[in-house]
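See structure below.
The values are calculated or read from the model by the stated rules, or taken from the named source; none is laboratory data. Nothing here was measured: the structure is a model prediction, and the numbers come from that model. As a convention, Cβ positions derive from the backbone with ideal geometry for all residues, glycine included, and neighbour counts pool all protein chains shown.
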Amino acid sequence: MKEIKITTEVGKFSIFKFNCVESTQTMAKELYRRYSYDAFVVWAERQFKGRGRRERRWHSPKGGLYFSLFQKDLGDLRSPQLVSLAAGMAIRNGLKQFCNISCELKWPNDILYQERKLCGILSESAIYGQKIHYTIVGVGINVNTDISELPCEVRAKATSLKDIIGLEVDLNELLSVSAEEVFKWLSFLKTDNGQKKVIESYKNHCVTLGSQVSVYLDNETISGLAVDITEEGALQVLAAGETLLFATGDVVHIRRDDI
Ligand code: BTN
């Protein structure tokens with residue numbers, strides 16, 4: 001493990017760099033227990049048990065960017081879901097700054113480029129009452145990733161930065177830009193106005209809004225038109241004349257041609 005100390009406009013933080021870990025999420029919890037830092041980043045070149053949302057596996061071959069960003073004391077949030085939305089905006093902005101590409105946000109936390117998944121985000125928070133004691137934002141970006149190394153079902157819907165811009169990029173530089181953006185967008189969540197700004201910005205770039213969607217829940221699937229995202233970050237869907245709210249769930253966008 002190597003500890004690299006970084007000073008940025010949003011403050012000072014350490015990056016703990018590993019060759020290979022089980023999951024940077026798990027490692028972040030372990031390092032918090034060991035060092036009690038308020039904010040830091042864990043970065044690994046590979047993960048052998050990378051975790052995705054809803055207990056899924058996140059395949060993490062060499063060439064991708066895999067990091068978890070730890071932030072203590074976010075304060076009172078309308079909902080922990082706002083962490084995911086802020087992280088999505090941060091990574092979108094980071095990619096725009098870094099290589100001038102415009103990505104779309106798929107509710108709640110996928111980053112797409114021309115309908116293919118470029119990045120996944122997994123946010124885990126420790127909550128006491130209404131307060132977020134700490135949050136760990138896990139980010140996996142297919143950067144110099146050879147898409148053919150991913151399993152078939154993932155490959156069919158994935159893309160990589162290398163395939164989009166036609167060249168390999170420096171993971172170190174992309175990590176610095178991305179981590180700085182995530183810290184910045186998380187800091188917006190500390191005020192009520194900042195939380196509103198996160199939601200409004202997210203809505204402006206969210207391709208789920210206005211789409212026909214199917215929301216996969218644990219026991220059922222609901223289809224309808226995604227009409228809004230609430231101040232708590234929940235998705236509002238118009239289905240069979242009723243307005244339904246989803247705080248979480250897997251969403252599939254239904255293409256016009258499929259209807
Ligand atoms: C998803 O789309 O399901 C979320 C994927 C999140 C993957 C990242 S990679 C870095 C961090 N460590 C993990 O084990 N998962 C997240």
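Restricting the search to region 24-54, which residues are among the hydrophobic types (A, V, I, L, M, F, W, C) and either touching a residue at least 40 places away in the same chain (Cβ under 8 Å) or not assigned by TED's automatic domain parsing to the domain that holds residue 151 (or both)? Quick ask: steps written out before the conclusion?
Initial filter on region 24-54 (among the hydrophobic types (A, V, I, L, M, F, W, C)): 27-28, 31, 39-44, 48.
Result: 27, 28, 39, 41, 43.
Out of curiosity, is residue 57 out of contact with any Leu (no Cβ under 6 Å at 6 or more places or on another chain), in contact (Cβ under 8 Å) with a residue 24 or more places away in the chain and under 19 Å from residue 111 (Cα atoms)? In short, no.
On the given criteria, is residue 128 away from the ligand (no atom under 15 Å from the Cβ), among the aromatic types (Phe, Trp, Tyr) and within 24 Å of residue 27 (Cα to Cα)? If you could, list the steps in order and put the result at the bottom.
Working: away from the ligand (no atom under 15 Å from the Cβ): yes; among the aromatic types (Phe, Trp, Tyr): yes; within 24 Å of residue 27 (Cα to Cα): yes.
Here the answer is yes, as residue 128 does meet what is asked.
Within region 214-233, the set of residues being aliphatic (A, V, I, L, M) and at pLDDT below 95 comprises 215, 217, 222.
Give the residue that is surrounded by the fewest Cβ atoms within 10 Å (Cβ to Cβ), with candidates limited to residues of region 32-64 that are hydrophobic (A, V, I, L, M, F, W, C) and within 13 Å of the ligand (Cβ to nearest atom). Here the residue is 48.
Answer with yes or no whether residue 81 is under 27 Å from residue 27 (Cβ atoms) and away from the ligand (no atom under 14 Å from the Cβ). So residue 81 fits the description; yes.
If I filter region 90-106 for residues that are assigned by TED's automatic domain parsing to the domain that holds residue 46, over 30 Å from residue 168 (Cβ atoms) and either surrounded by fewer than 16 Cβ atoms within 10 Å (Cβ to Cβ) or modelled with pLDDT under 95 (or both), do I get at least one hit? No, that holds for no residue.
Give me the residue from region 8-22 that is at pLDDT below 95 and part of a strand (DSSP E or B) and, out of that set, nearest to the ligand (Cβ to nearest atom).
At the first step, the residues of region 8-22 found to be at pLDDT below 95 are 8-13.
Add one more test, that the residue is part of a strand (DSSP E or B), and what stays is 8, 11-13.
Numbers: 8: 20, 11: 22, 12: 22, 13: 17 Å.
Of everything passing the filter in region 8-22, 13 is nearest to the ligand (Cβ to nearest atom).
Please find, within region 223-249, the residue that is surrounded by the fewest Cβ atoms within 10 Å (Cβ to Cβ) out of those that are hydroxyl-bearing (Ser, Thr, Tyr) and part of a strand (DSSP E or B). Residue satisfying both the conditions and the ranking: 243. Among residues of region 114-136 that are assigned by TED's automatic domain parsing to the domain that holds residue 41, those with a Cβ under 6 angstrom from a residue that is assigned to a strand (DSSP E or B) and aromatic (Phe, Trp, Tyr), sequence gap 6+ or separate chain, pair up as 126/134; 136/70. Checking 129, 75 one by one, the residue that is modelled with pLDDT under 95, surrounded by fewer than 18 Cβ atoms within 10 Å (Cβ to Cβ) and under 18 Å from residue 184 (Cβ atoms) is 75 and no other.
Can you confirm whether residue 86 is more than 26 Å from residue 152 (Cα to Cα), crowded, with 16+ Cβ neighbours inside 10 Å and within 15 Å of the chain's Cα centre (by Cα)? Considered against the rule, which asks whether it is more than 26 Å from residue 152 (Cα to Cα), crowded, with 16+ Cβ neighbours inside 10 Å and within 15 Å of the chain's Cα centre (by Cα), residue 86 comes out as yes.
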